[in-house]
Structure formats: structure tokens, C-alpha cells
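*Asks:* Before I ask anything, let me first share the structure, which is written out below as C-alpha cells.
Any read-out appearing in this document is the output of simple, stated calculations on the displayed coordinates, not a laboratory observation. None of these values were measured; they are calculated from a predicted model. With ideal geometry, Cβ positions are generated from the backbone for all residues, glycine too; neighbour counts draw on all protein chains shown.
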Amino acid sequence: MYSEIKIKIKMKKFLLLFLCLVVVQFTKAQTPTYDFTAVNDDGLTIYYKVIDEAKKEVSVAEKDNMGQTYATVTKMVIPDKVKKSDGTEYTVTDIGGTFSNGNFAPNLTELTLPSMLKTLRWQPFLGISLKKLVLPANLQTHYGIIFQFSGSGAVNCEEIDILGATPPINTFPSSYHYPAFNMDLTNIKVYLPVDCSLNYKARSDW
């Protein structure tokens, strides 16, 4: 009898813990993951999250988790600088979960990244399908896989231009560095700066 009571108590504790986790996940899913919005020159509202207030740097973010933020967008130009409603200016240096975490943009075929971009997060272009992608020369770090487009993206993509003379550093916290490319490159043209191919060949993740 005593053991049965202990089992029931443990089950109640487990159910309570499970319910708490569900509530946390639900709350997280409803919480906006951006700090402010700004409209680009094409009239498109883009969501931003402050990642370094002292340096005035922001990341392009999703509106909310699983939010389908840019589901109908066909073209996006991400500016180098953006301003909050109070006039504070920030530099766009990071691409976060903009096109991942369910925030797919299947109709996006034109994407211009900011020239001051320093960091790409995990699979930053997973939810889009592009004809051409240009990585700015200022890119310094990436968080594992960069090139993995959604659905037929690997087929539709025709060209990748990498402007940096040296490959960005893989900052994924693991002894195994995921490759930058995780897609079929058979019919895709990849361009590098003149005389810089050896820099990329020397890196196993590239």
C-alpha cells in the first residue's frame, strides 16, 4: 500500500512537471522574439532584435516562433543601418532565426544582405528558395551549416557568390564542425574572390 502511494505521488509530480513544461513552451511560442521593426526602402517591415546595445548592433529576427513572418514576400533588401522609432540608429550585423524555426518564406527569390553582416546563425536560409545568394565580404563567423535551402531551393538556386577573402570562422560549440554546405552543388555555380580558393580549400568545413 505504501509503495502504491509513493508511485501515485511520483506520477502526480511527473504530470505537474510535464504541464509546467507545456506552459513554458506555449508561452515561449507566443512571445515576440524581436525588439522593434523598421520599414526598408521597398516598404517591407523587417523585425530586429538588439544583440549589442553598446555597439548598437542588431540581428534580423522572426516576428515570433513559428510565425510565418515573410510567407508572401518575394523580395527583401536588408539595409546596413536601421532606426528605432526614437531615432536610435543600429547596424545590422547578424541573421538570426529569420527564415527558420517555421518562419519559412517559400516565395522569396531575391535577398540582399547588409554589407556589414558579421554573423550567420544555424541554417539561416533554411526557409527560403533563392536563385542567387551573395555573402558579404565582412562576414566573420557562422554557426554551422549555412547553405541549406528549403524544399526545391537546392534545385532552384543557380549561383552563390562569396565575397570574403577568407572563410568565416565556424563557432558551433562542438569538436565536430558542421560543413558550410549541406546541399547538392552539382548545378550551382559558386564564385570566390580571385586567388582565394586555397583559403577555403584549407578548411575542412568548407
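*Asks:* Which order, highest average first, do 189-195, 142-148, 34-40 follow once you tally other Cβ atoms within 10 Å for each residue and take the mean per peptide?
*Replies:* Ranked by mean Cβ neighbours within 10 Å, highest first: 142-148, 34-40, 189-195.
*Asks:* How large is the dipole of segment 71-206 about the Cα centre if only Lys and Arg carry +1 and Asp and Glu carry -1, each at its Cβ, rounded to the nearest 20 debye?
*Replies:* 100 debye
*Asks:* Shifting gears a bit: If you plug each phi of segment 160-176 into the Karplus form 6.51 cos²θ - 1.76 cosθ + 1.60 with θ = phi - 60°, what whole-Hz ³J(HN,Hα) values come out, in order, with x for Gly and Pro?
*Replies:* Those phi angles translate into 10, 10, 10, 8, x, 6, 10, x, x, 6, 7, 9, 4, x, 7, 5, 9 Hz.
*Asks:* Something else about it: Does segment 166-206 come out rounded, prolate or oblate, given a ≥ b ≥ c as the square roots of the eigenvalues of its C-alpha gyration tensor, rounded meaning a/c under 1.5 and, failing that, prolate meaning a/b above b/c?
*Replies:* Oblate is the answer for segment 166-206, as a/c is 1.5 or above yet b/c matches or exceeds a/b.
*Asks:* From the backbone phi of segment 131-144, what are the Karplus-calculated ³J(HN,Hα) couplings (6.51 cos²θ - 1.76 cosθ + 1.60, θ = phi - 60°) in whole Hz, Gly and Pro given as x?
*Replies:* Once θ is set to phi - 60°, the couplings for segment 131-144 become 7, 9, 10, 10, 8, x, 5, 7, 4, 10, 9, 9, 10, x Hz.
*Asks:* For a Förster distance of 22 Å, can you work out the FRET efficiency between the beta-carbons of LYS83 and THR112, rounded to the nearest 0.05?
*Replies:* With R0 = 22 Å, the Cβ-Cβ based efficiency is 0.75.
*Asks:* For VAL190, enumerate residues with amide H under 5 Å from its amide H, sequence gap 5+ or separate chain, H modeled in the peptide plane.
*Replies:* Amide H neighbours of VAL190: ILE160.
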